[in-house]
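Below is one structure; the comments refer to it alone.
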Amino acid sequence: MSTRIVGIGGSVDPGSQSGYALEAVLARARDGGAEVSSFTGRGLDFPPYHSGAQPPPTARDYVEAVRAADAVVISSPGYHGTVSGLVKNALDYLEELRTDDRPYLHGRAVGLIAVARGWQAAVTTLTTLRQVTHALRGWPTPLGMAVNSAVTRFDATGATEDGAVRTAVGLLTRQLLDFRPPG
Ligand SMILES: Cc1cc2nc3c(=O)[nH]c(=O)nc-3n(C[C@H](O)[C@H](O)[C@H](O)COP(=O)(O)O)c2cc1C
């Protein structure tokens, strides 16, 4: 059976580089035989999560997709040095998986991408995504991607002329596809 991968992230801005970077990894995963779906930009525009929330249908679809996933890719823009509210709110919705047999992101590899218009926020945002992934009991891949959108540009297909970033995309995707949960 092919690996089911769910992509989460991007911003609502046209040409979102965090959205396109996510597509770069998802496209590579598709080429590697994975079954891929994604929730990006306005597709993540859910009301603020709170305990006991009644998630709207779009958020329920998203939660169900993550519930069924073998691996996840999260790509956030760096907003004021950290994860954007849109992406963090979507991650908060994973509280709906708390009582599952595989709670939260248990047993899943999680590829992480942070894109900011400078190195400082790219790196601090990536570090935060790792902390959130650990809190959600997921397994961050050894390689995470910190991308500086002032240096590296992706197009809508996830293509980039930055060879080093292309190599990183390939490595991160391989780590996602090769991951086997312990036990
Ligand atoms: C509200 C807001 C806050 C931002 N804060 C930062 C920041 O602290 N550091 C930085 O390098 N870029 C910052 N940016 C720029 C984004 O990180 C940059 O546009 C990047 O390409 C990712 O966003 P995108 O997916 O919309 O392209 C900010 C952008 C917005 C809209």
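The values are calculated or read from the model by the stated rules, or taken from the named source; none is laboratory data. Remember, it's a predicted structure, so these values are computed and weren't measured experimentally. Neighbour counts are summed over all protein chains in view; Cβ atoms, including those assigned to glycine, are modelled from backbone coordinates with ideal geometry. Only protein heavy atoms, including side chains, enter the accessible area calculation; ligands, DNA and RNA are left aside. Shrake-Rupley method; radii C 1.70, N 1.55, O 1.52, S 1.80 Å.
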Which residues qualify? For Tyr49, with a placed amide H closer than 5 Å and at least 5 residues away or on another chain, they are none
Accessible surface, per residue, of segment 105-183 when the full set of protein chains is kept, probe 1.4 Å, Å²: 50
Roughly to the nearest percent, how much of the accessible area of segment 4-178 is carbon and sulfur, given a 1.4 Å probe? 52
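Using unit Cβ charges (K, R positive; D, E negative) and no other charged atoms, how large, in debye to the nearest 20, is the dipole of the chain about its Cα centre?
On the way: 17 positive and 17 negative charges, 67 e Å.
Computed about the Cα centre, the dipole is about 320 debye.
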5 angstrom amide H check on Met145, placed H, neighbours 5+ away: Leu112, Ile113, Ala114
In sequence order, calculated HN-Hα J values of segment 22-31 (Karplus, 6.51, -1.76, 1.60; Hz; x Gly/Pro): 4, 4, 4, 6, 5, 5, 5, 5, 4, 4
Apply the Karplus curve 6.51 cos²θ - 1.76 cosθ + 1.60, θ = phi - 60°, to the phi angles in segment 112-122 and return the couplings in whole Hz, x for Gly and Pro. 10, 9, 10, 10, 9, 8, x, 5, 4, 6, 4
Would you please give the residues with an amide H less than 5 Å from that of Thr3, counting only those at least 5 places away or on a separate chain, with H modeled from the backbone geometry? Glu35
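Between Leu171 and Arg67, what length in nm is gained on full extension when 0.36 nm per residue of separation is reduced by their alpha carbon distance?
On the way: separation 104, 0.36 × 104 = 37.44 nm, distance 2.49 nm.
Answer, rounded to one decimal: 34.9 nm.
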In whole Hz, with x marking every Gly and Pro, tabulate ³J(HN,Hα) for segment 66-75 from phi via Karplus 6.51 cos²θ - 1.76 cosθ + 1.60, θ = phi - 60°. 5, 4, 8, 6, 8, 8, 9, 10, 10, 10
